[in-house]
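K.L.:
Can you read through this structure? Questions will come right after.
The values are calculated or read from the model by the stated rules, or taken from the named source; none is laboratory data. From a predicted model like this one, the values you see are computed outputs, not experimental measurements. Using ideal geometry, Cβ is built from the backbone for each residue, glycine included, and neighbour counts are taken over all protein chains shown.
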Amino acid sequence: MLTYITRRVLYSIPVLIVSTFLSFTFVSLAGNPTAVLRSNPRFSPVTLHLLEHQQHLDRSIPVRYWFWVKEIFTNKLGDSLQTFQPIWPDLTRTAGHTLQVIIIAELLALVLGVAVGIYSAIKQYSVFDYAFTTISFLGFAMPTFWLALLLQILFVDIYLKWNVRIFYTSGLNSPGEGAWSIDRLQHIALPVITLLIISFATYSRYMRASMLDVINTDYVRTARAKGMSEWHVIMRHVFRNALIPIATIAALNFGALLGGAIVTETVFSLDGIGYYFIQKLQNLDLYAVMGYLLITAIAIIVFNLIADILYGYLDPRIRYD
Amino acid sequence: MTEPSVPIGGQIPVEQGASAAPSVAPPGLTDATVEAGLEIKVRSQWDYARRRFLRHRLAMAGLIGLIILFGAGIFANYIAPYSFEQIDLNNILSPPTFAHNHFFGTDEIGRDYFSRVIYGIRTSEEVGVFVAVLSTFIGLVLGAIAGFYGGWIDNLLMRFTDLVLTLPFLAILLTAAALLGEGSQWRVSFILAVLFWTGTARVVRGIFLSLREKEYVEAAKAAGAGDMRIMFRHILPNTLGPVVVSGTLAVATAILIEAALSFLGFGIKPPTPSLGVLVAGGETNPQQWWLTVFPGLTIVLIVLCVNFVGDGLRDALDPTQRRVRA
Amino acid sequence: MPDPILSIKNLAVEFKTDDGIVHAVDDITYDVFAGETLGIVGESGSGKSVSTMSILGLIPIPPGRIASGEAFFKGQDLLKLGKKELQRFRGDEVAMVFQDPMTSLNPVLTVGFQLDEAIKTHYPKESDDKVKARTIELLALVGVPNAAARYDQYPHEFSGGMRQRAMIAMSIANSPSLLIADEPTTALDVTIQAQVLEVMKTVQAATDAATILITHDLGIVAELCDRVIVMYGGRIVEEGDVHTIFAKPRHPYTIGLMDSLPKLTEDEEWLRPIPGQPPSLINRPPGCAFHPRCFLSQGRARCREEVPALEAMETPGHQAACHFGEELIGYRSKFSEPVTAGSDA
């Protein structure tokens, strides 16, 4: 197993290099940081010339890439071209906020989704099943931004009508409040609910499908033929086997969300990594954008790896060494 | 697993060798008696597919819904009571009403929302279909080449799709759209198509890989058929089922993503009407609920209908997906 | 004659499908006696598996439905029992071995665990060590080499033949009075088939269970069975002891089956399969289900109009359901002479 992990990690490094190089090239060509700098009215031509040299903008792209890579290790991603502030602290701060939101949302979605999926499968074609099937279909068809917006509007209206704040509709917390205060929870409740609904739809559908697949297998028939009660059959044979694909899906989903639930964070103006990305993109702050892309690419690769390992751990037929 | 074994004790042949004429025909067996017992109707594959689709109620409902919605988009010029940019400053932010045909109300500069939504549908369907068709086509071609020839071409394709998979999808799209999109509908569609094809490519490649070793391909080669002919006549038809399904579902995904891009301001920009842009308008006017609800609802309806149809198509065309019955 | 262990009377099972109602089993009656091996022979779709699975409650109830009948096991009608009561019989008094050993074991649990489970389900108070010991003993009995080590292995580490042996071991774990084996060797290679059959013989000798052996392979029937039932189109068409059935079949279908086997001791030019297709169980041919393919029928009206009932033949215990069965009296199949090993073919 260890060899497998090492091999995967080593393999990921060239992938990371290629993908970041491609992104860097693309961003530099299409975004043209030189033009961006020049558009800044504060700089005199002399300053511009100095800056361009300092930022290596007078060199070719591969060279610039090389300097950028060096910056990652020596200077923690360096400074933004716009604000001349270090990028790294911003990234870590926002990533932390994003993590808080998605961990809560995903855990809840997983627990609820698995439970509903199991029940829907056992009571297939019941009213419960049809109801939740409909909800899931709606969940898949609903654009995230619309759901977020609707929730926001709903709670803004509640506040305006009855002057009571159940959930806050923007921002991370009121000034002075801590990371785990009730106030913070009130602020992140709506984004959590938004993400929850969409992930829940995914998990419940997949769990239901997985359960149905397993319930109809021959080995479940064998278990029944052995005289086990239906409850035992489900708990010991069906449930555990059905959970295996869900574990991998959850890991992959989480990795993707780590890139920031961009849309949700934007609607609710949360200081998360996704919102950070949008803002930097709007300002064409290219090195910040690259920093973001690097972090998210690493997150996805890591969670892909976790998904594979999880799968190998749960299913003894898959042994990677 | 089981090979047709030479019977030791003997196996009852299940294949009926009516053609393996016995040297002595069992007495009394005429064609008439045989025919009488054969009540199995022979149906072609397309027949089965069509029957299965028509039986799928959701798919039928989705199809009807799509016809209505897409029809509205295509005939927007005839259906919309106003043009989508007609300003009426006397009538700003009015709620939905039957007066003046403002079914969906008006926005902050008095433009009729119903018309804007209808034109938005047209944009969405153009984007959706364009992206789906283009990306499916690219995926088909690349997947076929990779799967058929194998070797380093296949390797290259696989590495590349792996690469694409490890990138944060929305973020890359946003970046591309922000830098290159310039708010144009067609540029944005093109960008989407360029990144969408990997899914189709993998599926097609898989099918080509598995089928090129089959005997009928060898037979065709022996008969002198060229590569292109084999690819087109023999293997390609097998990909049509999954390709049609994934293409249909791609329409829905494309519409959703384009809406998200436009909502954030990076996709299609005004004056081209886009449902995403319309929803964004609702953000600044939370009290005027119709600005948010109607375009969003439209998106939901379109996506639902496309998904239903796609589900029905999958049931009908993709026999490998066993639908669980009871 | 002692009382039968299992007595099925007028059992009818149907399934509701989109294309209509499938009459899988139509009014069958048979008995199984202690210690004997009863073979049920038929093509796929003849209803042979459904008849046994339905009395154990293993068919999905919608869309399946037990339309009528009784199934007395040691005096109790299994079809009238509730789910919980039926579960007590399954795996304990009545055990089943299924066809495909590849998929019949849970891939994420060890083989030992699954065998233990068979025992612990019915005897939860037994200590884990005792159960483990018994499991290893059973694995050794069915010929799994190195049973103690194999206990901790997963099904994918077993070969196909070994898996089937483990399944057999699982079925006899609680010394059932009735063992139902549904095509136990069909999914296996021919050489492995022979080994598994040996195991079944060993098991039969070791226990005193009555066995129902469902198969489409006449060779296996000849090896293992005492009595035979032939099913076609969901009905029983012939029944008798194995020697009689092989030597003097009295139903055109049975004759067709025997005839379609190549004889190894003589030259034959052509194989003689039964012409036509198995009947649709939704639209069964009226009257005798076999008449469209029957050489004896010759288009006679009675075959089309009336369902033949089982009638006694010369040998006691031998019955056949054919209107014109008397015309077959005197027919001797090619198996009526014993085959000696080593004859030149």
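K.L.:
Output the qualifying pairs, or none if there are none: Cβ atoms under 7 angstrom, residues six or more apart or on different chains, first residue in region B:265-279 and within 11 Å of chain A (Cβ to nearest Cβ) and outside any loop (DSSP other than H, G, I, E, B), second residue among the charged types (D, E, K, R) and buried (at least 24 other Cβ atoms within 10 Å of the Cβ).
P.N.:
Close Cβ pairs satisfying both conditions: B:Gly276/B:Glu258; B:Leu278/B:Arg116.
K.L.:
Has region C:71-85 got any residue that is within 14 Å of chain A (Cβ to nearest Cβ) and either under 22 Å from C:Val230 (Cβ atoms) or small (Gly, Ala, Ser) (or both)?
P.N.:
yes
K.L.:
What number of residues within region B:170-189 satisfy the criterion of being surrounded by fewer than 17 Cβ atoms within 10 Å (Cβ to Cβ) and assigned to a helix (DSSP H, G or I)?
P.N.:
3
K.L.:
Inside region A:243-257, can you point out the residues that are more than 11 Å from every other protein chain (Cβ to nearest Cβ) and either among the small types (Gly, Ala, Ser) or more than 24 Å from A:Ile103 (Cβ to Cβ) (or both)?
P.N.:
The answer is A:Ala247, A:Ala250, A:Ala251.
K.L.:
Okay, next question. What's the number of the condition A:Tyr276 fails, among (1) surrounded by 18 or more Cβ atoms within 10 Å (Cβ to Cβ); (2) modelled with pLDDT under 85; (3) on the phi < 0 side of the Ramachandran plot?
P.N.:
Of everything listed in (1) surrounded by 18 or more Cβ atoms within 10 Å (Cβ to Cβ); (2) modelled with pLDDT under 85; (3) on the phi < 0 side of the Ramachandran plot, A:Tyr276 misses just condition (2).
Here's the yes/no breakdown for (1) among the charged types (D, E, K, R); (2) free of Cβ contacts under 8 Å to residues at least 60 places away in the same chain; (3) away from chain C (no Cβ under 14 Å):
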position: A:Phe145; (1), (2), (3): no, no, yes
position: A:Leu195; (1), (2), (3): no, no, yes
position: A:Arg221; (1), (2), (3): yes, yes, no
position: A:Ser229; (1), (2), (3): no, yes, no
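K.L.:
Residues of region C:120-170 being within 12 Å of chain A (Cβ to nearest Cβ), of a type in the set (D, E, K, R) and not in a loop (DSSP other than H, G, I, E, B), which ones?
P.N.:
Answer for region C:120-170, where residues must be within 12 Å of chain A (Cβ to nearest Cβ), of a type in the set (D, E, K, R) and not in a loop (DSSP other than H, G, I, E, B): C:Lys120, C:Glu157, C:Arg163.
K.L.:
When region C:34-63 is examined, which residues are found to be touching a His at 6+ places or on another chain (Cβ under 9 Å) and within 9 Å of another protein chain (Cβ to nearest Cβ)?
P.N.:
C:Val41, C:Gly42, C:Glu43, C:Ser44
K.L.:
Restricting the search to region A:158-180, which residues are touching a helix residue (DSSP H, G or I) at 6+ places or on another chain (Cβ under 8 Å) and within 9 Å of chain B (Cβ to nearest Cβ)?
P.N.:
Matches in region A:158-180: A:Thr169 only.
K.L.:
I need a count of the residues in region B:150-181 that are farther than 19 Å from A:Ile13 by Cα and either more than 12 Å from every other protein chain (Cβ to nearest Cβ) or without any contact (Cβ under 8 Å) to a residue 12 or more places away in the chain (or both).
P.N.:
Summing the residues that are farther than 19 Å from A:Ile13 by Cα and either more than 12 Å from every other protein chain (Cβ to nearest Cβ) or without any contact (Cβ under 8 Å) to a residue 12 or more places away in the chain (or both) in region B:150-181 gives 9.
K.L.:
Sort out for me the helices (runs of 4 or more DSSP H) sitting completely within region B:76-165 that have 2 or more residues that are of a type in the set (Gly, Ala, Ser).
P.N.:
Because the criterion is at least 2 residues that are of a type in the set (Gly, Ala, Ser), the helices (runs of 4 or more DSSP H) in region B:76-165 that meet it are B:113-149.
K.L.:
May I ask you to verify whether C:Val221 is more than 25 Å from C:Arg90 (Cβ to Cβ), of a type outside the set (S, T, N, Q), in a strand (DSSP E or B) and within 14 Å of chain B (Cβ to nearest Cβ)?
P.N.:
Spelling it out, it is not the case that C:Val221 is more than 25 Å from C:Arg90 (Cβ to Cβ), of a type outside the set (S, T, N, Q), in a strand (DSSP E or B) and within 14 Å of chain B (Cβ to nearest Cβ).
K.L.:
Does region C:86-108 contain at least one residue that is basic (Lys, Arg), free of Cβ contacts under 8 Å to residues at least 60 places away in the same chain and assigned to a helix (DSSP H, G or I)?
P.N.:
Yes - at least one qualifying residue is present in region C:86-108.
K.L.:
Looking at this structure, is C:Leu257 surrounded by 23 or more Cβ atoms within 10 Å (Cβ to Cβ), facing chain B (nearest Cβ under 9 Å) and farther than 20 Å from C:Met96 by Cβ?
P.N.:
yes
K.L.:
Moving on. Please state which one of C:Leu197, C:Leu188, C:Leu213 is assigned to a strand (DSSP E or B), under 20 Å from the mean Cα position of the chain (by Cα) and within 14 Å of chain B (Cβ to nearest Cβ).
P.N.:
C:Leu213
K.L.:
Moving on to the next point. For B:Ala252, indicate whether it is buried (at least 21 other Cβ atoms within 10 Å of the Cβ), under 16 Å from B:Gly128 (Cβ atoms) and within 11 Å of the chain's Cα centre (by Cα).
P.N.:
yes
K.L.:
Of these, A:Ser199, A:Ser170, A:Ser204, which one is assigned to a loop (DSSP other than H, G, I, E, B) and of a type in the set (Ser, Thr, Tyr)?
P.N.:
One residue alone meets the criteria, A:Ser170.
K.L.:
Continuing with this model, one more query. For region A:250-273, which positions are surrounded by fewer than 22 Cβ atoms within 10 Å (Cβ to Cβ) and in a loop (DSSP other than H, G, I, E, B)?
P.N.:
If the condition is that a residue be surrounded by fewer than 22 Cβ atoms within 10 Å (Cβ to Cβ) and in a loop (DSSP other than H, G, I, E, B), then A:Ser269, A:Asp271 are the ones that fit.
K.L.:
For B:Val300, all conditions in the list (1) without any contact (Cβ under 8 Å) to a residue 12 or more places away in the chain; (2) surrounded by 22 or more Cβ atoms within 10 Å (Cβ to Cβ) hold save one; what is the number of the exception?
P.N.:
(2)
K.L.:
Among the residues of region A:120-135, is there at least one that is on the phi > 0 side of the Ramachandran plot and small (Gly, Ala, Ser)?
P.N.:
Checking region A:120-135: not a single residue is on the phi > 0 side of the Ramachandran plot and small (Gly, Ala, Ser).
K.L.:
Just to be sure before I move on: is C:Ser280 in a loop (DSSP other than H, G, I, E, B), within 17 Å of C:Ala320 (Cβ to Cβ) and among the hydroxyl-bearing types (Ser, Thr, Tyr) in the structure I sent?
P.N.:
In short, no.
K.L.:
Here's a check for you: in region B:280-298, which residue that is over 19 Å from A:Phe140 (Cα atoms) and hydrophobic (A, V, I, L, M, F, W, C) is nearest to the other protein chains (Cβ to nearest Cβ)?
P.N.:
Only one residue fits best here, namely B:Trp289.
K.L.:
Being over 12 Å from C:His251 (Cα atoms), within 7 Å of chain B (Cβ to nearest Cβ) and in a loop (DSSP other than H, G, I, E, B) is the filter here, so list the residues in region C:293-307 that pass it.
P.N.:
Once the filter is applied, which keeps residues that are over 12 Å from C:His251 (Cα atoms), within 7 Å of chain B (Cβ to nearest Cβ) and in a loop (DSSP other than H, G, I, E, B), region C:293-307 yields C:Gln298, C:Gly299.
K.L.:
Within 9 Å of another protein chain (Cβ to nearest Cβ), small (Gly, Ala, Ser), touching an Asp or Glu at 6+ places or on another chain (Cβ under 6 Å) and closer than 15 Å to A:Thr94 by Cα: does that describe A:Gly274?
P.N.:
For A:Gly274, the condition - within 9 Å of another protein chain (Cβ to nearest Cβ), small (Gly, Ala, Ser), touching an Asp or Glu at 6+ places or on another chain (Cβ under 6 Å) and closer than 15 Å to A:Thr94 by Cα - is met.
K.L.:
Step by step: first the residues of region B:222-249, then only those that are modelled with pLDDT under 75 and either under 30 Å from A:Pro143 (Cα atoms) or charged (D, E, K, R) (or both), then the one that is surrounded by the most Cβ atoms within 10 Å (Cβ to Cβ). Which residue is that?
P.N.:
Applying the filter and picking the extreme gives B:Arg229.
K.L.:
Taking the condition of being closer than 25 Å to A:Leu281 by Cα and of a type in the set (Asp, Glu), how many residues in region B:147-201 meet it?
P.N.:
Of the residues in region B:147-201, 1 are closer than 25 Å to A:Leu281 by Cα and of a type in the set (Asp, Glu).
K.L.:
Looking only at region A:1-36, filter to residues that are in contact with a Phe, Trp or Tyr (Cβ under 6 Å, 6 or more places away or on another chain) and within 24 Å of B:Ala177 (Cβ to Cβ); which one of those is modelled with the lowest pLDDT?
P.N.:
Within region A:1-36, the match that is modelled with the lowest pLDDT is A:Phe24.
K.L.:
Specify which of the listed residues (A:Tyr130, A:Tyr119, A:Tyr125) is part of a helix (DSSP H, G or I), within 14 Å of chain B (Cβ to nearest Cβ) and of a type outside the set (Lys, Arg).
P.N.:
Of A:Tyr130, A:Tyr119, A:Tyr125, the one residue that is part of a helix (DSSP H, G or I), within 14 Å of chain B (Cβ to nearest Cβ) and of a type outside the set (Lys, Arg) is A:Tyr130.
K.L.:
Sticking with this structure for a sec: Among the residues of region C:257-268, are any modelled with pLDDT of 85 or more, of a type in the set (A, V, I, L, M, F, W, C) and closer than 24 Å to C:Phe33 by Cβ?
P.N.:
no
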